[in-house]
């Protein structure tokens with residue numbers, strides 16, 4: 001029987017797994033410390049903080065952990081605030097660029113092969129082309145440093161018409177945007193697939209992978225989604241597999257892995273990176289949640305490998 005880790009490099013988002021890590025810097029540090037000790041997972045998806053002392057402690061922990069880091073761009077780059085890379089104010093755009101370049105350099109220090117970024121807040125169809133052009137200019141300005149650091153800048157599609165409402169958006173538009181970057185000479189421009197976002201964007205898994213694989217998928221996020229308005233996990237909340245009202249559990253993950261095998265993302269001779277980006281299961285600790293999610297991944301992979309006759 002094929003071994004999961006011969007084909008998949010499993011990961012998990014540290015700050016998503018530990019409550020309060022996104023809003024409290026000390027909790028963020030403790031989340032990184034705890035996640036570095038998680039068994040089974042070889043990748044940690046993280047973001048880095050503004051506080052230089054805490055950031056230095058976290059980077060030291062990560063260096064010593066033996067985990068591979070996949071870095072997420074700071075959340076402030078998604079917001080229409082003082083670090084909006086698509087702002088009407090050139091000084092704000094300049095500030096956003098300085099922040100992003102620092103993050104790329106730190107990604108290089110950590111040996112992170114990928115830094116995931118997103119679009120910013122949508123401002124309507126009329127202004128959207130301008131925002132897209134500004135984001136393109138922003139990523140083009142980052143490409144040289146990303147090349148020097150060996151970091152791929154992977155765009156993460158996020159729903160536009162509800163919940164987070166970022167201007168990119170549909171998988172097709174994200175792929176077209178990335179193709180524009182590549183055509184403009186941005187060698188580090190890439191794409192990723194977040195399976196938990198697809199139901200929020202009203203998209204299906206197979207078409208999203210088929211289109212994204214035309215560029216080469218650089219990373220995958222796993223988890224579930226809830227579209228039941230009465231659920232505390234309704235919307236863009238990153239619920240774990242197995243949560244009540246969740247759209248995905250082990251059977252659906254099996255089908256998602258079969259899709260990844262068929263499209264070539266999971267293939268012999270490489271470990272395909274994929275990370276759970278999930279909150280804790282109700283009634284379970286973060287560590288228990290991580291173990292349960294890994295067990296589901298192992299069961300889903302065994303079933304998918306058998307059904308697809310993976311050698």
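Quick look at the numbers
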{"item": "Filter pass, residue 182 being over 18 Å from residue 100 (Cα atoms) and in contact with a strand residue (DSSP E or B) (Cβ under 8 Å, 6 or more places away or on another chain)", "result": "yes"}
{"item": "Residues of the range 108-123 satisfying the condition of being more than 13 Å from the chain's Cα centre (by Cα), surrounded by 19 or more Cβ atoms within 10 Å (Cβ to Cβ) and outside any loop (DSSP other than H, G, I, E, B)", "result": "110"}
{"item": "Hits in the range 206-227 - residues which are closer than 14 Å to residue 9 by Cα and either out of contact with any helix residue (DSSP H, G or I) (no Cβ under 8 Å at 6 or more places or on another chain) or part of a helix (DSSP H, G or I) (or both)", "result": "218, 219, 221"}
{"item": "Matching helices (runs of 4 or more DSSP H) fully within the range 1-91 where at least 2 residues are over 27 Å from residue 233 (Cβ atoms), touching a helix residue (DSSP H, G or I) at 6+ places or on another chain (Cβ under 8 Å) and at pLDDT 95 or above", "result": "52-65"}
{"item": "Cβ-Cβ under 8 Å pairs, at least 6 apart or on other chains, the range 9-35 side on the phi > 0 side of the Ramachandran plot, far side part of a helix (DSSP H, G or I)", "result": "20/27"}
{"item": "All positions within the range 170-205 that are under 18 Å from the mean Cα position of the chain (by Cα), part of a loop (DSSP other than H, G, I, E, B) and under 28 Å from residue 297 (Cβ atoms)", "result": "170, 195, 196, 197, 198, 199, 200, 201, 203, 204"}
{"item": "Within the range 286-311, tally of residues that are in contact with a strand residue (DSSP E or B) (Cβ under 7 Å, 6 or more places away or on another chain), crowded, with 21+ Cβ neighbours inside 10 Å and within 23 Å of residue 72 (Cβ to Cβ)", "result": "3"}
{"item": "Residues of the range 260-285 that turn out to be over 19 Å from the mean Cα position of the chain (by Cα) and either more than 23 Å from residue 115 (Cβ to Cβ) or surrounded by 22 or more Cβ atoms within 10 Å (Cβ to Cβ) (or both), as a count", "result": "12"}
{"item": "Long-range neighbours under 8 Å by Cβ, at least six apart or interchain, first residue at positive phi within the range 102-116, second buried (at least 17 other Cβ atoms within 10 Å of the Cβ) and at pLDDT 95 or above", "result": "111/68; 111/69"}
{"item": "Whichever residue in the range 187-228 is surrounded by fewer than 23 Cβ atoms within 10 Å (Cβ to Cβ) and at positive phi and, among such residues, is modelled with the highest pLDDT", "result": "202"}
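The values are calculated or read from the model by the stated rules, or taken from the named source; none is laboratory data. Predicted model only: the values in this text are computed from it and were never measured. With ideal geometry, Cβ positions are generated from the backbone for all residues, glycine too; neighbour counts draw on all protein chains shown.
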